[in-house]
1. For region 21-89, run through the trypsin sites (Lys or Arg not before Pro) and keep only the ones in DSSP coil with at most 16 other Cβ atoms within 10 Å of their Cβ.
2. If ARG139, ARG19 are ordered by their accessible area, calculated over protein heavy atoms with a 1.4 Å probe, which sequence runs from highest to lowest?
3. Give the cross-link partners of LYS56 among the lysines, using a straight C-alpha distance below 27 Å as the criterion and excluding same-chain residues fewer than 8 apart.
4. How far, in nm, would the chain grow between ARG84 and ASP72 when pulled straight, counting 0.36 nm per residue and subtracting the alpha carbon separation?
5. Report the semi-axes of the equivalent ellipsoid for region 1-75 in whole Å, largest first, where each axis is √(5λ) for an eigenvalue λ of the Cα gyration tensor.
6. Of the DSSP beta bridges with both residues in region 1-121, give the percent that are antiparallel, rounding to the nearest 5.
7. Once Lys and Arg get +1 and Asp and Glu get -1 on their Cβ, which of SER124, VAL59, SER96 lies farthest toward the positive end of the dipole of region 39-135?
8. Magnitude of the Cβ-charge dipole of region 1-125, K/R +1 and D/E -1, about the Cα centre, nearest 20 debye?
Amino acid sequence: LKNKNNELIGLSMCSQIYRSKIINQSGINFYNFHPSLLPSNKGRFPVFWAIYNGDKQGVTCHIINEKIDSGDIIFQKEIHVEKRDTVPLVLMKLFSQLHAYFEETLNCIEKEETNIPNKTYLNSYGPTPSKVQIRDYFRLVKKL
């Protein structure tokens, strides 16, 4: 995509880590959609960790930089989830609204503004869950 200043815009929603030589190209701005309310649950399996830790769920679009999920936030939105929602259900809720999140983010980029709620989220990083944590998650979901 190109913005009004004719700069290229790259939007990403994947578990990809981009190399410095890619994200530092002149004239291209890269943005990532992350399925958590950053800085909470940076890294892999953010929806799992939000459920596991009882955190709020949402989506964040941030500028991609050399640190994982640490770039300046452009857009952020909490989503409503039920206590019984599992990882796949939360992801479906997020993906079903992705077109709207893209549109809102592109508007923010065009206007050179941000759309960030006036809230603070705990700074945390989610590694790959252990077998014990996965079992705990399934027990938690079954109880609800």
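The values are calculated or read from the model by the stated rules, or taken from the named source; none is laboratory data. Here the structure is a predicted model, which means the values were calculated and not measured. With ideal geometry, Cβ positions are generated from the backbone for all residues, glycine too; neighbour counts draw on all protein chains shown. For accessibility, only protein heavy atoms count, side chains too; no ligands or nucleic acids. Shrake-Rupley method; radii C 1.70, N 1.55, O 1.52, S 1.80 Å.
1. ARG44, LYS56, LYS67, LYS83, ARG84
2. ARG19, ARG139
3. Cα-Cα hits under 27 Å: LYS42, LYS67, LYS77, LYS83, LYS93, LYS119, LYS131, LYS142, LYS143.
4. Net length gain for the segment: 1.1 nm.
5. Value: 25, 13, 9 Å, ordered largest first.
6. 65 percent
7. The one lying farthest along the dipole's positive direction is SER124.
8. I would put it at about 300 debye.
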